[in-house]
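A short worksheet on the structure shown next.
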Amino acid sequence: MTNINLFDNYIKTPLNYTGNKSRLLEQIIPLFPKKINRFIDMCCGGASIGLNVINQSQEVVCIDINRPLIELLQTLQLFSENSIISKAEEIIYSFNLSDTFNKGYSVYKPYVEGNNGFKKYNKNGYEKLRTFFNSSQLETGEKSIYLLVLLSFCFNNDIRFNSSGKFNMPVGKTDFNASIREKLHSFKQGIKNKNIKFYFSDFSVVKEFELSENDFVYCDPPYLISNAVYNNSNCQHSAWTEYQEERLLDTLDFLSQKGIRFALSNILSKEGANNTILQKWIEKNNFSVVDIEYHYRSSSYHKINRKSNEREVVILNYDN
Ligand SMILES: C[S@@+](CC[C@H](N)C(=O)[O-])C[C@H]1O[C@@H](n2cnc3c(N)ncnc32)[C@H](O)[C@@H]1O
């Protein structure tokens, strides 16, 4: 791998998405063609990949089936950084949540217990905010900023809705801190004047796109043998099952038959479980498999993944 430094200043996403590819950009993006006409991310999540290919492609289309997520990305794209921050701070003050960025840590120190950050201080206000968010009729842009605040304060900063579409994450340790503001700034700077679209849909919509040979499709779906919050059957979207996996692979077959190049992120094995559907599909089509190395850079990431003994790969239908 030659271009390690290319990703030192990568564009960050303010959505701390489970399974996001921010730490793996320098291994994944160099596998893509150097010049892309239209880049399509079929399951974009926090858009960490799409945001970082905008210099090597004319147009980026980020698709996801999670409507509030797509509306939030659209809002972040549309609104100015100042207006996002001032609306977020207005929400934080009206629900009496911690604001370590403006007020410092010492104000909240008496409430911090062990490793729980600002959980105790924020629990009450956070739950009121979540109820308000779930029960109020807010205009889309405003609702998205409420969601951004909820995500900054919730457990693990994860995005999860129940089957009735209600946001249901419990309070977490963090707040709308310097790190999330820095990511928001990076996102706003990175997408300035760039042709990037966020699109709410099932991934299969790509079959309806008029694609040409210089277009490129990336996909990072939920993993069949993993249990991220967005795989869960209690969530708003149907669980990621073998049926979904087959449907995705059929869609990728459709693209391949049209001569469209794609890259698919996935895990082939984890803690003794194997994704045999995927393995058979790779063998049948003779696709290339590139292993992703966790120890590539971040040592903490390495530790977590070495323990879980998983094989993460990127599958390509072209020679790179
Ligand atoms: C592993 S995450 C993607 C993470 C992303 N690559 C990132 O770096 O943030 C998988 C995503 O697939 C989305 N998804 C699940 N089912 C989908 C479907 N049928 N169509 C499109 N997106 C789907 C989920 O909402 C989730 O955002």
Residue check: is residue 40 within 24 Å of residue 188 (Cβ to Cβ), part of a helix (DSSP H, G or I) and not assigned by TED's automatic domain parsing to the domain that holds residue 154?
no
Does the range 300-313 contain any residue that is at pLDDT below 95 and of a type in the set (A, V, I, L, M, F, W, C)?
yes
So which residues in the range 43-57 are more than 13 Å from the ligand (Cβ to nearest atom) and either assigned to a loop (DSSP other than H, G, I, E, B) or out of contact with any Lys or Arg (no Cβ under 8 Å at 6 or more places or on another chain) (or both)?
54, 55, 56
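So is residue 134 within 16 Å of the ligand (Cβ to nearest atom) and surrounded by 15 or more Cβ atoms within 10 Å (Cβ to Cβ) or not? Talk me through it step by step, then tell me what you get.
Working: within 16 Å of the ligand (Cβ to nearest atom): no; surrounded by 15 or more Cβ atoms within 10 Å (Cβ to Cβ): yes.
Answer is no for this residue.
Can you confirm whether residue 218 is within 15 Å of the ligand (Cβ to nearest atom), modelled with pLDDT under 95 and either open to solvent by 20 Å² or more (accessible area, probe 1.4 Å) or closer than 18 Å to residue 13 by Cβ (or both)? Spell out how you get there, then give the answer.
Values: within 15 Å of the ligand (Cβ to nearest atom): yes; modelled with pLDDT under 95: no; either open to solvent by 20 Å² or more (accessible area, probe 1.4 Å) or closer than 18 Å to residue 13 by Cβ (or both): yes.
For residue 218, the condition - within 15 Å of the ligand (Cβ to nearest atom), modelled with pLDDT under 95 and either open to solvent by 20 Å² or more (accessible area, probe 1.4 Å) or closer than 18 Å to residue 13 by Cβ (or both) - is not met.
Here is a yes/no grid of residues against (1) assigned to a helix (DSSP H, G or I); (2) surrounded by 17 or more Cβ atoms within 10 Å (Cβ to Cβ); (3) touching a helix residue (DSSP H, G or I) at 6+ places or on another chain (Cβ under 6 Å):
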{"residue": "165", "(1), (2), (3)": "no, no, no"}
{"residue": "169", "(1), (2), (3)": "no, yes, yes"}
{"residue": "174", "(1), (2), (3)": "no, yes, no"}
{"residue": "188", "(1), (2), (3)": "yes, yes, yes"}
{"residue": "193", "(1), (2), (3)": "no, no, no"}
{"residue": "198", "(1), (2), (3)": "no, yes, yes"}
{"residue": "210", "(1), (2), (3)": "no, no, no"}
{"residue": "214", "(1), (2), (3)": "no, no, no"}
{"residue": "224", "(1), (2), (3)": "no, yes, yes"}
For the range 14-37, name all the residues that are touching a residue at least 60 places away in the same chain (Cβ under 8 Å) and not in a loop (DSSP other than H, G, I, E, B).
23, 24, 26, 27, 28, 31, 36, 37
Of all residues making up the range 58-77, the number that are surrounded by 24 or more Cβ atoms within 10 Å (Cβ to Cβ), in contact with an Asp or Glu (Cβ under 9 Å, 6 or more places away or on another chain) and assigned to a helix (DSSP H, G or I)
1
Segments classed as helices (runs of 4 or more DSSP H), wholly inside the range 78-138, with at least 3 members that are basic (Lys, Arg):
119-135
Checking residue 106 against (1) out of contact with any helix residue (DSSP H, G or I) (no Cβ under 7 Å at 6 or more places or on another chain); (2) closer than 22 Å to residue 185 by Cα, the condition it does not meet:
(2)
In the range 78-128, which residues are hydrophobic (A, V, I, L, M, F, W, C), open to solvent by less than 30 Å² (accessible area, probe 1.4 Å), without any contact (Cβ under 8 Å) to a residue 60 or more places away in the chain and out of contact with any strand residue (DSSP E or B) (no Cβ under 9 Å at 6 or more places or on another chain)?
91
The range 51-94: number of residues that are β-branched (Val, Ile, Thr) and within 13 Å of residue 148 (Cα to Cα)
6
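The values are calculated or read from the model by the stated rules, or taken from the named source; none is laboratory data. In this text the structure is predicted, and so the values were computed from the model without any measurement. Cβ: placed from backbone, ideal geometry, glycine included. Neighbour counts: every protein chain shown. Surface areas here come from the heavy atoms of the whole protein model, side chains and all, with no ligands, DNA or RNA. Shrake-Rupley method; radii C 1.70, N 1.55, O 1.52, S 1.80 Å.
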